[in-house]
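The values are calculated or read from the model by the stated rules, or taken from the named source; none is laboratory data. Keep in mind that what you see is a predicted model, and the values were worked out from it rather than measured. When we count neighbours, we look across all protein chains shown, and the Cβ atoms used for this are built from the backbone with ideal geometry, even at glycine. Heavy atoms of the whole protein, side chains included, go into the accessibility calculation; ligands, DNA and RNA do not. Shrake-Rupley method; radii C 1.70, N 1.55, O 1.52, S 1.80 Å.
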Amino acid sequence: MFRFKLDRNRKYILIVAAGLLVLGLVYRFYPFFEGMLSPKAEIELKMGRIVKYQKRLKAESGLKTSVENLKGALTKAEEGLLTGKTPVLTAVQIQEILQKITEKSGVVIGRLQVLNPEESEKDGYLSVPVEFYIDATISQLKEVLYRISVFQKYLTVTKLRIDYATRGASGSIRCEMIVAGYMKGMKG
């Protein structure tokens with residue numbers, strides 16, 4: 001027969017290596033054996049996993065709800081945008097709105113000019129400015145500014161210049177205003 005001849009030091013090294021191998025295997029497969037021997041611990045482990053997954057599902061459904069709420073808020077906010085397909089058509093809408101506002105306040109627009117549209121800081125939206133001049137009293141000007149600010153579409157007075165005109169005791173002032181309306185940007 002075939003025999004290994006080992007001296008005493010090599011036998012000890014071989015015994016220690018075999019012992020370390022057994023300890024490594026026990027360490028590696030201990031959770032498997034523990035699960036087989038102790039089903040209660042395995043049940044607790046699986047319950048913990050289930051709780052963790054339920055928390056993750058709740059968080060994901062909360063995110064979905066938040067996304068839906070934000071989309072709804074965006075849709076509602078975009079209702080305040082002007083609906084023109086191009087900046088020129090949007091400028092025409094702004095002119096019509098300003099004409100109605102000034103008529104209700106008893107003021108006549110002297111001159112009206114459409115300025116170049118400007119890209120907003122946030123992508124996807126355009127600001128369409130319209131410059132106009134009016135002769136009005138202070139109370140009429142206040143009413144025009146109020147009607148612009150509470151209009152259901154988003155309008156912003158970006159520039160206001162007031163010159164006092166000395167035409168008798170009427171207290172008339174000449175105003176130069178730039179009002180900007182907002183539209184969704186054109187793609188392409």
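Evaluated with a Cβ-only charge set (Lys, Arg +1; Asp, Glu -1), the chain carries a dipole of roughly 1640 debye about its Cα centre, given to the nearest 20. Using only Cα atoms, find the angle between the long axis of helix 39-78 and the longest principal axis of the chain, and express it within 0 to 90 degrees, rounded to the nearest 10. Computed tilt is about 10 degrees. Computed with the Debye formula from one identical point scatterer per Cα of the chain, without solvent, the log10 of I(q)/I(0) at q = 0.11 Å⁻¹ comes to -0.71.
With all protein chains in place and ligands, DNA and RNA left out, the 1.4 Å accessible area ranks Arg161, Arg147, Arg8 as Arg8, Arg161, Arg147, largest first. Where Lys and Arg each count +1 and Asp and Glu each count -1, what net charge lies around Gly62 among other residues with Cβ under 14 Å from its Cβ? Once all neighbours under 14 Å are counted, the net charge is +2. Ignoring lysines fewer than eight residues from Lys40 along the same chain, the ones with Cα atoms less than 26 angstrom from its Cα are Lys52, Lys55. Between Glu119 and Tyr164, residue separation times 0.36 nm minus the direct Cα-Cα distance comes to 12.8 nm. Surface calculation, 1.4 Å probe, protein heavy atoms: Val88 sits at approximately 100 Å² accessible. For region 84-188, the per residue solvent-accessible surface stands at 62 Å², with DNA, RNA and ligands left out and a 1.4 Å probe.
Mean-square fluctuations from a GNM of the chain, with a 10 angstrom spring cutoff on Cα atoms, peak among Ile109, Ile13, Ile94 at Ile13. What's the carbon and sulfur percent of the chain's accessible surface, probe 1.4 angstrom, rounded to a whole number? About 61 percent, which is the carbon plus sulfur part of the accessible surface. What is the calculated FRET efficiency for Lys85 to Lys142, with r their C-beta to C-beta distance and R₀ = 25 Å, to the nearest 0.05? After rounding to 0.05, the efficiency reads 0.15. Legend: residue pairs Lys100/Lys184; Lys85/Lys159; Lys71/Lys104; Lys85/Lys142, Cα-Cα distance threshold 28 Å; pairs beyond threshold, Lys71/Lys104; Lys85/Lys142.
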